Amino acid sequence: MVKSQRELDKMRKAGEIVARVHQKMAEIIAPGITTLELDRVAEEIIRKAGAIPSFKGVPCAYGGKDFPGSICASINHVVIHGIPDNTVLKEGDIISIDTGAILDGFHGDAARTYPVGKVSEEARNLIYHTEEAFNLGMAQAVEGNRIRDISLTVQQYVESKGYSVVRDFVGHGIGTEMHEEPQIPNYVTREKGVRLSNGMTLAIEPMVNIGTWRVKVLEDRWTVVTLDGKLSAHHENTIAVMPNGPEILTRLY
Ligand code: MG
């Protein structure tokens, strides 16, 4: 779980590729583009950097086909795992893009929710507070704290804004595997979770719903939607617990 300096450097490089994909997504997301086109652009950036799109070909946990995309494209009430297709983005939509890359055996994983053109104040606020929940949760990722400190901080902030946190999907450790121990729920459980130490690498990822936290998986066995059809947002970075405080690895260096 704890990475060496050399391994952390590899994760920074993988993380930067993921950050470049998001930089591009922010540029090109607009009314009229399809999620398949976004996927094509993302895959090209990852492969040109000599990396592998880590989402592509992931086996389905619910018995469906392997994941076909390099991104998850989750529009409006879709929480996570939306499959890129010919859906055209419309003014006022919000879209969560989650993507990952493997470079030299190490993973980067990050998600952002983007507005499509001009969005409602309700949607803008949701995106803002989801990112803020991530920031506050990440601030708890310091040596000596426990996973529960992250969970509690995220949950309290999100619920103080009148939103709910998704329970069925959680953040995770990350390294040579996309999903490693420990799990990082965005809500408090009976588990305190492991104690954090410097060199641990984590994907912290609040998924925040305007209405109920309850979700369901659609017939494609991937797409996760809010049960009440209300909006959902997602913000994730791969981070490292470091002596000077948490470091975001999925960023431009
Ligand atoms: Mg993740």
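The values are calculated or read from the model by the stated rules, or taken from the named source; none is laboratory data. The structure presented is a predicted model; accordingly, all values stated were derived computationally and were not measured. When we count neighbours, we look across all protein chains shown, and the Cβ atoms used for this are built from the backbone with ideal geometry, even at glycine.
Remarks
- Number of the condition not met by Ser96 [criteria: (1) within 16 Å of the ligand (Cβ to nearest atom); (2) over 12 Å from the mean Cα position of the chain (by Cα)]: (2)
- Tallying residues that are of a type outside the set (Phe, Trp, Tyr) and away from the ligand (no atom under 16 Å from the Cβ) within region 61-93 yields 19.
- Residue match in region 121-142 (condition: farther than 20 Å from Ile71 by Cβ, assigned to a helix (DSSP H, G or I), more than 18 Å from the chain's Cα centre (by Cα) and acidic (Asp, Glu)): yes
- No other residue among Gly108, Gly82, Gly63 is in a loop (DSSP other than H, G, I, E, B) and surrounded by 15 or more Cβ atoms within 10 Å (Cβ to Cβ) apart from Gly82.
- Considering residues of region 85-102 that are within 22 Å of Lys118 (Cα to Cα) and of a type in the set (S, T, N, Q) only, the residue surrounded by the fewest Cβ atoms within 10 Å (Cβ to Cβ): Asn86
- Single condition Met25 does not satisfy, out of (1) more than 24 Å from Thr130 (Cβ to Cβ); (2) of a type in the set (A, V, I, L, M, F, W, C); (3) in contact (Cβ under 8 Å) with a residue 60 or more places away in the chain: (1)
- The criterion of at least 2 residues that are touching a strand residue (DSSP E or B) at 6+ places or on another chain (Cβ under 9 Å) and within 16 Å of the ligand (Cβ to nearest atom) is met, among strands (runs of 3 or more DSSP E) falling completely within region 166-253, by 171-173, 180-184, 201-204, 207-209, 232-234, 237-240.
For every residue, the table says whether it meets (1) surrounded by fewer than 21 Cβ atoms within 10 Å (Cβ to Cβ); (2) more than 19 Å from the chain's Cα centre (by Cα).
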| residue | (1), (2) |
| --- | --- |
| His179 | yes, no |
| Pro185 | no, no |
| Leu196 | no, yes |
| Val208 | no, no |
| Asp220 | yes, yes |
| Ser232 | no, no |
| Glu236 | no, no |
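- In region 49-63, the residues that are under 19 Å from Leu218 (Cα atoms) and either touching a strand residue (DSSP E or B) at 6+ places or on another chain (Cβ under 8 Å) or at pLDDT below 95 (or both): Phe55, Ala61, Tyr62, Gly63
- For region 143-165, the set of residues classified as part of a helix (DSSP H, G or I) and more than 16 Å from the ligand (Cβ to nearest atom) consists of Arg148, Asp149, Leu152, Thr153, Gln155, Gln156, Tyr157, Val158, Glu159, Ser160, listed by residue number.
- Residue count for region 144-155, restricted to those that are on the phi < 0 side of the Ramachandran plot and either within 18 Å of the chain's Cα centre (by Cα) or surrounded by fewer than 16 Cβ atoms within 10 Å (Cβ to Cβ) (or both): 6
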